[in-house]
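Below is one structure, written out as structure tokens; comments come after it.
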Amino acid sequence: MKYFHINNIKFNYTLEFQSSYKSDHWKSNAPLIEYCETIGINIPHYCYHKSLSISGNCRMCLVELKNSPKPVVSCAMSAKSCLNNSEVFTNSPLVKKARENILEFLLLNHPLDCPICDQGGECDLQDQSLFFGLDKKRFYSFKRVVTDKNIGPIVKTVMTRCIHCTRCVRFASEIAGVDDLGMFGRGMDSEIGTYVEKTFQSELSGNIIDLCPVGALTSKPYPFISRNWELKNINSIDFSDGFGTNLQVYLKNNRVTKVLPSHNRNTQSIDWISDKTRFSFDGMFSPERIVQGFITDGKGKTNYPLTWKILLEEIISTLYFQDHLNRHFLKINTFVIVFDNNVSLEVLNLLILFAKKYSFINLRRSDGNPFNNDVESDFLINTPKNLTNQSDMCLLIGVNTRYEGSTLNLQLRKRYLKGNFKLIAINSSVDLTFPSTYLGLNLNTLKSLIEGNSFVCQELVNSSNPTVIVSSEVYNRKDSNEIRNMFKLLKKNLNRFYPNWNNINIVSSSLNEAGANFLQNFKPLSVNDVKRSHSMYFINTQDNSPNIKKIICLKLLNYFSTNSSPKLIVEQSNGIISKHYNALLKSYKTYNYINLPNSVFFESNGTYLNTEGIFKKNIKFLSTVKQAREDWQIIRKMFSYSKKINFTSNNKYDNLLNFNNTTNMKFKNFTGFLYYPNKNLTKFNFHLNKDLSNNMKYIENNYQQSKNKLYTTTFKLWISDFYLGGKDSYSERSLTMIKCSKLFRAEKTNFNFTKHFCTF
């Protein structure tokens, strides 16, 4: 019988361990430090963080083995080999003396600038030297000085503080997949850097700030702002992509100072976050932000700042007079409300109520194409937890996972590093930080694959549980319904080899794009909507909306002519007046423009449905500025103001729905209607939760499918600039993102910027 000693306590690891812990963990060659953390023994170290169990140069996680001539490094020694020696000691005099010596060497060249270091208060070296170090030193020579490296606008380097733990190097090569950082030199001349002068070009570069145990790598936009004990942290979610990653937002004096990753309950881990998630929050509080509502008249283009009462009365009175004109001229001009995919479910529910009460209101999305969204698998990731763990092949169609979802790209890279995993892409050739086979970007390639005329078909058949990942932007094509039918045919063909296979995953490009598809089949804004509207109401729409760009450009080119045009444009946003709306005002000869300031993401409450089908909740933790209000508050006020007027045109279909939303409690109760019916489903009302997929298959098989009309255009990647090219509302005004984009474009293009201009 063998025993195991930790802290001078003897453990029987042959019987009790196998009965209380998983045997596969015990048989693996996991580091001893992981086992000690499993049973509650904390070994002082800063070599272990998430998936980085680094056998670095710090050697602080030392333990003593029985009959061993010297201490061993627990993060580099497997638990299986250690327990063969029967006894391990973590607090013996030999271990304590060895840790004191290691700390003495670590502080040999480390500068004593803790009062001015941004890592002060959350530095591992401070904690280790306090608990395990000496109070005096034996070296009095001059400390070594290392020049700082410029690795980009994200990370600030003070390389004199570096202790060569190589965490950043391991993260860059193993996690980020960008081999830019490394250690060069020997002995006292060892340094960590890029060897040649260059920047660390990775969308995950900000994570090395959290990994660095000392103040060698700190945040460049966060210098000398605050200390850790002065901050208050709040849980929130990410707004930059469709995954809604959990975040920790740190506040000081009611201002956001920094953003860090938070715990993910689904994966039981802490996710890596992108640079846009970490640093684009300063775009919310840009100096260009509008916090005062105003009206711009069509004659002198003069801005008149007004109160909320006058602004809302102006909108409602305009609707009233337009309603009378419609009745006199026997026209059906509508009031079009255009919203973005970043609005919350509460706002969408209230807009649906508004549109159902008045027949002249039409709801339109700024982007997208109408498709049948009756089945949730057509717009969600169907296997969010084990997306690629049980698969050995992945097919990417029109998606750049590195830019559209960094979380998903990390899962794919992690699965690739395990081995026996093939990646095949039908899109443009991009660097995904792991090798992949590109078949082309033409639609005929996908067509031949689904018809069974491609060599990839054998790979799909011979692989185990293949995974297909598609970008939601593919559905913005004119032939989106036909492409959807092609995916259904692919699923039908693969069901012959894999029963009940449904591993086609749709990656959303916006935070609540899946939520908008979940609620209702909203149509996108079209040219006919602009022709037949007397007023247009834009909610959080962006400059980079390709659909709105197309409509404005067609009008400026006189591609179509119309006698009627929107006489009033209302923009509910928190940014500057869009240049496209200025073009819209000029091209359509709009008389008035009204701007309604709304709150930013951290100043409002909201519920969102991410691309994995998980409801995400955002809590308001910042007070609103001046006249800005939340989106649902503004729309609710318009709802109440509209009750004061009787609209006479098409009165037969108006006022059919009436809802008392005077209080916030009643409004919240209504918006929870999605949750309560699903909560009450039990095994006793089985007729409500029965799977209807078999009936749908029966209906589809009994009807002959029509021929699909496909366009031979290529699958274009919708995002080329990660920092400024997303569909979020704030990265375009972020100073940090602008710097990153400028540096990215300067290094990724074949043209050099010259300082002098040619003269003729």
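FYI, it's all coordinate maths here, none of it is from the lab. Keep in mind the model is a prediction, meaning the values are calculated, not measured. Ideal geometry is used to build each Cβ from the backbone, glycine not excepted, and the neighbour counts take in all protein chains shown.
Could you order peptides 129-141, 370-382 by the average number of other Cβ atoms within 10 Å of their residues, highest first?
370-382, 129-141
Here are some pairs, Lys620/Lys748; Lys309/Lys739; Lys356/Lys644; Lys156/Lys232; Lys616/Lys709; Lys549/Lys742; which of them have Cα atoms lying more than 29 Å apart in this structure?
In this structure, Lys620/Lys748; Lys309/Lys739; Lys616/Lys709 exceed 29 Å between Cα atoms.
Using a cut-off of 14 Å between beta-carbons, work out the net charge of the residues near Leu554 (Lys and Arg +1, Asp and Glu -1, Leu554 not included).
Local net charge: +3.
I need the trypsin sites (Lys or Arg not before Pro) found in the range 229-319, filtered to DSSP loop residues with at most 16 other beta carbons within 10 Å of theirs.
Qualifying residues, ordered by number: Arg265, Lys299, Lys301.
Need the full-extension length gain, Arg745 to Asn228, defined as separation in residues times 0.36 nm minus the C-alpha distance. One decimal, nm.
That works out to 182.6 nm of additional length.
Quick one: if the Förster radius is 60 Å, what FRET efficiency do Leu556 and Lys66 give, using the C-beta to C-beta distance and rounding to 0.05?
After rounding to 0.05, the efficiency reads 0.15.
For the range 380-507, what is the number of Lys pairs with C-alpha distance below 16 angstrom, counting only pairs 8 or more positions apart or on separate chains?
Here the count comes out as 5.
If you take the beta carbon distance between Phe139 and Cys114 as r and set R0 to 22 Å, what does 1/(1 + (r/R0)^6) give as a FRET efficiency, to the nearest 0.05?
Given R0 = 22 Å and the Cβ-Cβ separation, E is 0.75.
Only Lys, Arg, Asp and Glu count, each charged at its Cβ (+1, +1, -1, -1), so figure out the dipole size of the range 380-507 about its Cα centre, rounded to 20 debye.
Result for the range 380-507 is approximately 300 debye, rounded to the nearest 20.
Could you check the spin-label model distance between Lys620 and Tyr304? Points 7 Å from the Cα along Cα→Cβ, value in nm.
My value for the distance between the label points is 2.9 nm.
Between the range 87-134 and the range 452-471, what's the alpha-carbon centroid distance in Å?
Answer, in whole Å: 53.
Go ahead and collect, in residue order, the members of the range 197-221 whose backbone nitrogen is under 13 Å from a label point 7 Å along the Cα-Cβ direction of Gln248.
210-211
Stretch Thr437-Lys492 to full length: gain in nm at 0.36 nm per residue minus the Cα-Cα span?
Gain on stretching Thr437 to Lys492: 17.3 nm.
Name the trypsin sites (Lys or Arg not before Pro) in the range 710-752 that are in a loop by DSSP and that have at most 12 other C-beta atoms within 10 Å, would you?
Sites meeting the loop and neighbour criteria: none at all.
Here is the link list: Lys220/Lys252; Lys550/Lys716; Lys198/Lys727. Which ones come out longer than 23 Å on Cα distance?
Pairs exceeding 23 Å: Lys198/Lys727.
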